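No value in this document is a laboratory result; all are computed from the given coordinates. Keep in mind that what you see is a predicted model, and the values were worked out from it rather than measured. Methodologically, a virtual Cβ is constructed for each residue, glycine included, from the backbone with ideal geometry; neighbour enumeration extends over all protein chains shown.
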Amino acid sequence: MGLTRQSFGAASLREKFAISTKSGQKIIALAGNPNTGKSTVFNALTGLNQHTGNWPGKTVLQAQGSFYYLDQEFVLVDLPGTYSLLANSIEEQVARDFICFADPDATVVITDATCLERNLNLVLQVTEITERVIVVVNLLDEARRKKIQVDLGKLEQELGVPVVGTVARSGEGLDDLKQKIYDLAKGRINPKPTMIKYDIRVEECINTIEPLISELHLGRLNTRWLALRLIDGDMTIIEGIEQYLGVNLSDSFKSEVSLEWAKVQVN
Ligand SMILES: Nc1nc2c(ncn2[C@@H]2O[C@H](COP(=O)(O)OP(=O)(O)OP(=O)(O)O)[C@@H](O)[C@H]2O)c(=O)[nH]1
Ligand SMILES: [Mg+2]
């Protein structure tokens, strides 16, 4: 049984994330480093159909809005700007929790073409959580001005997810972005992100822990990513599973994970 949005439903989405949806709407998360143009894209796509508030229980601003493309209505959620999803700050935790527990139909990661390398760190963290990712390379005008060329096709190949080049301020590339969002949310494209391989000892530990996680039946939550978070000792993910999925991880499960990781460190 899936415990993510497919089963906990629109009511829970509203209650736990303060996102109001109507049936048939697709949910799109907008992530990215600070100052990469997320809100500019958000405003261009949603126009006046938006409202702001706070994330439930947090003093972090939330913006959500809706738009139609072809026959489909979308709810777009502008996540806080973050450099990572390791939950080191409230903003990172909000963004991480939404991407993994709200189970959006697509996550769009906005990057800055003038400092792509730094931005790709977040992209890789998102593609570890979900396959349904689109990467936007924004600020292409600034990149052109600085004589930086970005090979979008090559980037798409390397990442294994759709890549769209944009100048959000002028609207360049946004129709292409809407088409890609539509295709992904409708299942017309199925990205297969390039998987990051870790040190052999870490990979062995993941292999041992993943089956234990599968037994918890956490729905579409990515078991490999979760294994990595657990061996990293990230307590916030355990809180998230309890808070959003209503699943309490037993002490024996937690100690088994610690034991496996301890074995790796000794070897
Ligand atoms: N030149 C240029 N400027 C852009 C582009 N997209 C956005 N900007 C500008 O970049 C600045 C930051 O844009 P925002 O949309 O606020 O960025 P953000 O990612 O929402 O920022 P935070 O919410 O603070 O993380 C604004 O001054 C925008 O007008 C673009 O494609 N080209
Ligand atoms: Mg913003």
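Considering the convex hull of the alpha carbon atoms of the chain, report its projected area averaged over all viewing directions, in nm², one decimal.
The directionally averaged projection comes out at 14.5 nm².
For the chain, with a Gaussian network of springs between Cα atoms less than 10 Å apart, report the residue from Val161, Val108, Val247 with the top mean-square fluctuation.
Val247
Highest GNM mean-square fluctuation, the chain, Cα pairs closer than 10 Å: which of Leu228, Leu216, Leu177?
It is Leu216.
Less than 15 Å Cβ to Cβ from Arg144, Lys/Arg counted +1 and Asp/Glu -1: what total charge do the surrounding residues give?
-1
Restrict the search to region 19-79; then list the trypsin sites (Lys or Arg not before Pro) that DSSP places in a loop and that have at most 12 other Cβ atoms within 10 Å of their Cβ.
Filter output for region 19-79: Lys22.
Work through the residues other than Leu85 whose Cβ is under 11 Å from its Cβ and net out their charges, Lys, Arg +1 and Asp, Glu -1.
Charge balance near Leu85 sits at -3.
Tilt of helix 5-17 relative to the longest C-alpha principal axis of the chain, in degrees (0 to 90, nearest 10)?
Result, in degrees: 70.
To the nearest 10 degrees, how steeply does helix 116-129 sit against the main Cα axis of the chain, on a 0 to 90 scale?
Helix 116-129 and the main axis of the chain meet at about 50 degrees.
List the trypsin sites (Lys or Arg not before Pro) within region 140-169 that DSSP assigns to loop and that have no more than 12 neighbouring Cβ atoms inside 10 Å.
Lys146, Lys147
Of the options Gly173, Leu116, Thr127, report the single residue whose Cα projects farthest towards the positive end of the charge dipole of the chain (beta-carbon charges: Lys, Arg +1; Asp, Glu -1).
Most positive-ward Cα: Gly173.
Provide the percentage of antiparallel DSSP beta bridges, counting only those with both residues in the chain; round to the nearest 5.
40 percent
What share of the DSSP beta bridges in region 57-185 is antiparallel, in percent to the nearest 5?
45 percent
Calculate how steeply helix 200-214 sits against the longest principal axis of the alpha-carbon atoms of the chain, using the helix alpha-carbon long axis, and give the answer as 0 to 90 degrees to the nearest 10.
90 degrees
When the distances between all Cα atoms of region 20-157 are binned every 10 Å from zero, what whole-number percent does each bin get?
Here the calculated profile for region 20-157 is 12, 43, 35, 11, 0.
Could you give me the radius of gyration and the Dmax of region 200-266, taking only the C-alpha atoms into account and expressing both in angstrom?
11.3, 34
Taking the number of other C-beta atoms within 10 Å as the exposure measure, put Glu204, Glu215 in order starting with the fewest.
The order, fewest Cβ neighbours first, is Glu215, Glu204.
On a 18 Å Cα-Cα criterion, which of the cross-link pairs Lys154/Lys186; Lys38/Lys186; Lys26/Lys186; Lys147/Lys178 come out too long?
Flagged as over cut-off: Lys154/Lys186; Lys38/Lys186; Lys147/Lys178.
Return the calculated 222 nm mean residue ellipticity for the chain, to the nearest 500 deg cm²/dmol, obtained by summing -39500 (n - 2.57) across DSSP H runs with n ≥ 4 and dividing by the residue count.
-14500 deg cm²/dmol
Normalising by the residue count of the chain, find the relative contact order in percent from Cα pairs under 8 Å and 6+ residues apart.
18 percent
What percent does the relative contact order of region 200-266 come to when contacts are Cα pairs within less than 8 Å and at least six residues apart?
With pairs under 8 Å counted, the relative contact order is 39 percent.
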